[in-house]
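Below is one structure, written out as structure tokens; the observations come after it.
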Ligand code: FES
């Protein structure tokens, strides 16, 4: 397999990211995110590329990736979906939804559907506890107050290759509007 590389445009983007920080080491997280968006996962050759690009030891980059669950050393399905089953979401239907997803979508032991399209994981609190249960797609799109019906719409959209539209949640306190 060809060695992964960044395009000149991506290299320029990385240099712009580095300008925002006092050291190149400080830019490691956004550059890892950029690499994951491009390559889909942070495999060992991609980690080497990031380390070389930032002039960091490979062990430093690997350590960051192994600490944060948002980084994917190995992608297991085309779309990553994370259902919050932490306390509030879990108590408000998240645990039942997780059981439903596991059986209804026939997830394997790694949380992947038989067609390899969807990879489900349980998530810790996603910071949107007032609209439980919460689903996060590819670490960048949130779906609130999930139900089996809403989930089916999300999956259908992803089958078409489209992230569901951004969903704005109105503040509960009228004084905030
Ligand atoms: S407990 Fe699910 S978002 Fe906080």
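Would you call residue 55 surrounded by fewer than 19 Cβ atoms within 10 Å (Cβ to Cβ), within 16 Å of the ligand (Cβ to nearest atom) and under 29 Å from residue 12 (Cβ atoms)? So residue 55 does not fit the description; no.
Any residue at all in segment 117-136 that's within 16 Å of the ligand (Cβ to nearest atom), assigned to a loop (DSSP other than H, G, I, E, B) and within 15 Å of residue 101 (Cα to Cα)?
Taking segment 117-136 and keeping what is within 16 Å of the ligand (Cβ to nearest atom), we get 120-136.
Restricting the remaining residues to those that are assigned to a loop (DSSP other than H, G, I, E, B) gives 124-134.
Imposing the further condition that a residue be within 15 Å of residue 101 (Cα to Cα) reduces the set to 133-134.
Yes, because at least one residue in segment 117-136 is within 16 Å of the ligand (Cβ to nearest atom), assigned to a loop (DSSP other than H, G, I, E, B) and within 15 Å of residue 101 (Cα to Cα).
Residue 54 satisfies every condition listed in (1) assigned by TED's automatic domain parsing to the domain that holds residue 147; (2) out of contact with any strand residue (DSSP E or B) (no Cβ under 8 Å at 6 or more places or on another chain) except (1). Is it true that some residue in segment 94-114 is crowded, with 16+ Cβ neighbours inside 10 Å, under 30 Å from residue 44 (Cα atoms) and touching a residue at least 40 places away in the same chain (Cβ under 8 Å)? No.
Only one of these is touching a helix residue (DSSP H, G or I) at 6+ places or on another chain (Cβ under 8 Å) and closer than 23 Å to residue 79 by Cα: 65, 61. Name it.
On the way: 61 fails: closer than 23 Å to residue 79 by Cα.
The conditions single out 65.
State which residue is farthest from the ligand (Cβ to nearest atom) when the search covers only segment 137-153 and only residues that are touching a residue at least 40 places away in the same chain (Cβ under 8 Å) and within 11 Å of residue 81 (Cβ to Cβ). So the residue we want is 138.
Residues that are exposed (fewer than 15 other Cβ atoms within 10 Å of the Cβ) and either over 13 Å from the mean Cα position of the chain (by Cα) or modelled with pLDDT under 95 (or both): does segment 77-88 have at least one?
As a first pass, look at segment 77-88 and keep what is exposed (fewer than 15 other Cβ atoms within 10 Å of the Cβ): 87.
Then drop every residue that is not either over 13 Å from the mean Cα position of the chain (by Cα) or modelled with pLDDT under 95 (or both), which leaves 87.
Taking every residue of segment 77-88 in turn, at least one turns out to be exposed (fewer than 15 other Cβ atoms within 10 Å of the Cβ) and either over 13 Å from the mean Cα position of the chain (by Cα) or modelled with pLDDT under 95 (or both).
The values are calculated or read from the model by the stated rules, or taken from the named source; none is laboratory data. Small disclaimer: the values here were computed from a predicted structure and weren't measured. Note that we place each Cβ from the backbone using ideal geometry, even for glycine, and neighbour counts take in every protein chain shown.
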